[in-house]
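Take a look at the structure set out below.
The values are calculated or read from the model by the stated rules, or taken from the named source; none is laboratory data. Bear in mind that the values here come from a model prediction, so they are computed numbers and not experimental data. Positions of Cβ are generated from backbone atoms using ideal geometry, with glycine treated the same way; all protein chains shown enter the neighbour counts. To get the accessible areas, we keep the full protein, side chains included, count just its heavy atoms, and leave off ligands, DNA and RNA. Shrake-Rupley method; radii C 1.70, N 1.55, O 1.52, S 1.80 Å.
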Amino acid sequence: HNFVVNGDSYTGSMIHNYYLYEENSRLSMLPWDYNLAFGSFQGGNAAASVNDDIDAPLSCTGSGDRPMMDWILKDAAALEQYHRYLSDFIQQFDFEAMIAQTADLIAPYVQKDPTKFCTYEDFLSGAAALKQFCTLRAESVSRQLSGDDTPVDTGDLDLSSTGTMNKG
């Protein structure tokens, strides 16, 4: 969840778009509404989104209004596990290949869809931006996990290519 920098969520300023699920005394957060993830919520800034602090994600400030996140960040064992999950996640996936494969799979359907809300060229631009974002975000998370706070250069990454509020 924090990898994709979803500001329209629990970690965002509105603290919404998630459910809490309890089973056998174990609480899980089920986030939803990811259409403005990948830093694009409220016209996101590429550099700020790619380099979002994994230990202070988005609007989480430790003020007590995010008890689940506060607990993770304040408990040494939970924080270590959270970091391990992030590390495993970024090492497990080839984001460029996964996004390219998915885009190739659905591209013919996007081209033929008479009800699509963007052009095929917009779709291709969005897929390219998504690949770039995930690759850069993985680099940033990796640096943060190693203790390096040097921001990743986002170059010409345009987050609006992945979608924006009130504009598709």
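Which one of these is part of a loop (DSSP other than H, G, I, E, B), within 16 Å of the chain's Cα centre (by Cα) and in contact (Cβ under 8 Å) with a residue 40 or more places away in the chain: I54, I90?
I54
If I filter segment 74-97 for residues that are open to solvent by 80 Å² or more (accessible area, probe 1.4 Å), closer than 20 Å to A37 by Cα and of a type outside the set (D, E, K, R), do I get at least one hit?
Looking through segment 74-97, at least one residue is open to solvent by 80 Å² or more (accessible area, probe 1.4 Å), closer than 20 Å to A37 by Cα and of a type outside the set (D, E, K, R).
Is it the case, given these coordinates, that Q101 is in a helix (DSSP H, G or I), at pLDDT 95 or above and open to solvent by 90 Å² or more (accessible area, probe 1.4 Å)?
Here the answer is yes, as Q101 does meet what is asked.
Just give me the residues in segment 112-167 being open to solvent by 60 Å² or more (accessible area, probe 1.4 Å) and more than 30 Å from S87 (Cα to Cα), in sequence order.
K112, P114, T115, K116, F117, T119, E121, D122, M165, N166, K167
Condition first: in contact with a Ser or Thr (Cβ under 7 Å, 6 or more places away or on another chain) and among the charged types (D, E, K, R). Now tell me which residues in segment 132-164 satisfy that.
R143
Out of everything in segment 1-49 that is aromatic (F, W, Y) and not in a loop (DSSP other than H, G, I, E, B), what residue ends up being surrounded by the most Cβ atoms within 10 Å (Cβ to Cβ)?
Of the residues in segment 1-49, the ones aromatic (F, W, Y) are 3, 10, 18-19, 21, 32, 34, 38, 41.
This time we only want the ones that are not in a loop (DSSP other than H, G, I, E, B), so: 18-19, 21.
Details: Y18: 17, Y19: 9, Y21: 10.
Filtering first and then ranking leaves Y18.
So F133 ticks every box in (1) without any contact (Cβ under 8 Å) to a residue 40 or more places away in the chain; (2) closer than 21 Å to V50 by Cα but one. Which box is left unticked?
For F133, the exception is condition (1).
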